1. Could you work out Rg/(2.2 N^0.38 Å) for the stretch 38-90, with Rg from alpha carbons only?
2. Give the lysines whose C-alpha is closer than 23 Å to that of LYS69, dropping any in the same chain fewer than 8 places away, or say none.
3. Using DSSP to call loops (not H, G, I, E or B), can you name the GluC sites (Glu not before Pro) in the stretch 125-190 whose Cβ has at most 15 other Cβ atoms within 10 angstrom?
4. For the stretch 36-49, just list the computed ³J(HN,Hα) in residue order, Karplus coefficients 6.51, -1.76 and 1.60, θ = phi - 60°, integers in Hz, with x standing in for Gly and Pro.
5. If you add up the charges near GLN2, with Lys and Arg at +1 and Asp and Glu at -1, over every other residue whose beta carbon is less than 15 angstrom from its beta carbon, what do you get?
6. Top to bottom by accessible area (1.4 Å), largest first, where do TRP183, TRP132 land?
7. Among the aspartates and glutamates, which fall within straight-line cross-link reach of LYS102, defined as a Cα-Cα distance under 18 Å, with same-chain neighbours fewer than 8 residues apart omitted?
8. With all protein chains present, how much of the accessible area of the chain (probe radius 1.4 Å) comes from carbon and sulfur, to the nearest whole percent?
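The values are calculated or read from the model by the stated rules, or taken from the named source; none is laboratory data. It should be emphasised that the depicted structure is a prediction, and the values quoted were computed from it without experimental measurement. Note that each Cβ is placed from the backbone with ideal geometry, even for glycine, and that neighbours are counted across all protein chains shown. What goes into the accessible areas is simple: the full protein's heavy atoms, side chains included, and nothing from ligands, DNA or RNA. Shrake-Rupley method; radii C 1.70, N 1.55, O 1.52, S 1.80 Å.
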Amino acid sequence: MQALQALLERVSVSRLIDPAPSAAQRELMFEAAMRAPDHGQLRPWRFLTVEGDARLALGELLAQAAAAKDDANEAAIEKARKGPLRAPLVVVAVAVVQPHPKVPASEQVLTAGCAVHGLLLAAYAQGLGAMWRSGELSFAPSVAAGLGLAEHEQIIGFIYLGTPAHDIRPASRSSAEGFVAQWPGPGGTQ
């Protein structure tokens, strides 16, 4: 697959089944993640792979976080518990923010997001299905602690990976019109 084709046609795939990505496919995905734009060469990211029975443990961790919320209900707790079972492989994407005089924390989190995008593009280019999910529980301190994250680390998403259960739907082409404008300079008008 050509690079521009992957960039223009990648879509999220929510219905994922076995098999999970092979070792060779994973290696390519993580290598692609390593190519993220990275001011200062900090590599402010890391990934945790969760598969097999570890998905059940992650589900319990998420269910406990859901149960601790003020508006907790059984349906939400059960949904959190079953979430990691939606794919044969879950990759927890973590931003590793480091003190740096020239690279602010916000830029490091964006860089980690770019690493995830590279991983998603590499998955798509190999015919795999992938879905980047986050949500309220991604930001729960108990989930970060349960995954062993340090204080300077934060979850930026759960990447669900596997074989698409159905044909991958074609991407709808989006025009950049309305999202791009020329700046006329100070005091200029558009």
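1. 1.48
2. Once the sequence-local lysines are set aside, what remains near LYS69 is LYS79, LYS82.
3. Counting only loop positions with at most 15 other Cβ atoms within 10 Å, the GluC sites (Glu not before Pro) in the stretch 125-190 are GLU151, GLU177.
4. 4, x, 8, 4, x, 6, 7, 6, x, 8, 7, 10, 10, 9
5. 0
6. TRP183, TRP132
7. Here the aspartates and glutamates satisfying the reach criterion relative to LYS102 are ASP38.
8. 55 percent
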